[in-house]
Every structure is written in C-alpha cells, then in structure tokens.
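Peer 1: Got a structure here, written out as structure tokens. Questions coming.
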Amino acid sequence: VQLQASGGGLVQAGDSLRLSCAASGRTSSSYVMGWFRQAPGKEREFVAGITWISGDTAYVDSVKGRFTIARDMAKKVATLQMNSLKPEDTAVYYCAFSYSGKYIARDESRYGHWGQGTLVTVSS
C-alpha cells in the first residue's frame, strides 16, 4: 500500500485547509484510514480516523467540531477538512493505513503504512 498526502500550507488562524490522502496498491476492501500529526518537539498524535466500509469516524478531542474526515471509496482518497484552524494545529500531518477494518485505533503502531507527511502552519 502506498499513500500520497497533499494539501498542507501556511494559513492564518481561523482559516481552513483540506488535506487529501490517496491510497494505491493492494488495499483490500476493509480497512481504516487515519490522520496523525506531529508538532515540533512533540510526539506524533492521532487526529482522526475513518473505517472504509461503514464510514465510522473518530477524532481527538482537540479537533472535534472543527475537523472532518471523509472518504471517497471509488477514488480511494481520504480527506481531512480542517476549519477554524488554530496556531496549536501547526504540525506535520501524516495519513496512515490500517488493515483493522472495524476498529479505529489511536495507537500509531496499529498502522502499517504511512504517507510522507504534509506541513500545516497556522499563524496567529
């Protein structure tokens, strides 16, 4: 499985960005796509995840109500719509793939494939 992330950039607080992650290769029919982020000097953390078949979602508390994860099953693309961005959202964002099709893990060790990361910078 190969993942290609895109959509990062420099924005001001309150602005929006949309990240995309395209999956290719042998993905199987049931899996989970997740977004993680790593801010400078901090550990990588779970941001959001979606089950591919049912579309169930999960979010870290700090982004609930502001971020929305979705998927386009035909194109094998997962998106992360980020609204009302805050300076503390500044980080490198990674998309990740897990074969655990029904459970959205928040532990990065459960994800076996990762995209290259895209930088999101939110200025105050």
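The values are calculated or read from the model by the stated rules, or taken from the named source; none is laboratory data. Values in this document were obtained by computation on a predicted structure and should not be read as measured data. Cβ atoms come from the backbone with ideal geometry, glycine included; neighbour counts cover every protein chain shown. Note: accessible area is taken over every heavy atom of the protein model, side chains too, but ligands, DNA and RNA are not part of it. Shrake-Rupley method; radii C 1.70, N 1.55, O 1.52, S 1.80 Å.
Peer 1: Take every DSSP beta bridge whose two residues both sit in the chain, then give the antiparallel share in percent to the nearest 5.
Peer 2: If we restrict to bridges inside the chain, about 90 percent are antiparallel.
Peer 1: Around Phe36, with a cut-off of 14 angstrom between Cβ atoms, what is the net charge of the other residues, counting Lys and Arg +1 and Asp and Glu -1?
Peer 2: Local charge sum for Phe36: 0.
Peer 1: With every atom except the alpha carbons ignored, what do you get for Rg and Dmax of segment 70-117, in angstroms?
Peer 2: 12.6, 34
Peer 1: Which percent of the accessible heavy-atom area of the chain goes to carbon and sulfur, probe 1.4 angstrom?
Peer 2: Looking at the chain in its full context, I get 48 percent from C and S.
Peer 1: Please report, in debye to the nearest 20, how large the charge dipole of segment 44-84 is about its Cα centre when each Lys and Arg carries +1 at its beta carbon and each Asp and Glu carries -1 there.
Peer 2: The calculated dipole for segment 44-84 is roughly 140 debye.
Peer 1: Let me ask something additional. Give the lysines whose C-alpha is closer than 18 Å to that of Lys102, dropping any in the same chain fewer than 8 places away, or say none.
Peer 2: Lys76
Peer 1: A follow-up question, please. Out of Ala70, His113, Val60, whose Cα points farthest toward the positive end of the dipole of segment 57-118 (charges: +1 Lys, Arg; -1 Asp, Glu; placed on Cβ)?
Peer 2: Result: Ala70.
Peer 1: Given the convex hull over the Cα atoms of the chain, what projected area results after averaging over all orientations, in nm²?
Peer 2: Mean shadow area of the hull around the Cα atoms is 6.7 nm².
Peer 1: For Ala105, what charge total do you get from the other residues with a beta carbon under 15 Å from its beta carbon, if Lys and Arg give +1 and Asp and Glu give -1?
Peer 2: Once all neighbours under 15 Å are counted, the net charge is 0.
Peer 1: Sticking with this structure for a sec: Could you size up the charge dipole of the chain around its Cα centre, putting +1 on the beta carbon of Lys and Arg and -1 on that of Asp and Glu, and report it in debye to the nearest 20?
Peer 2: 300 debye
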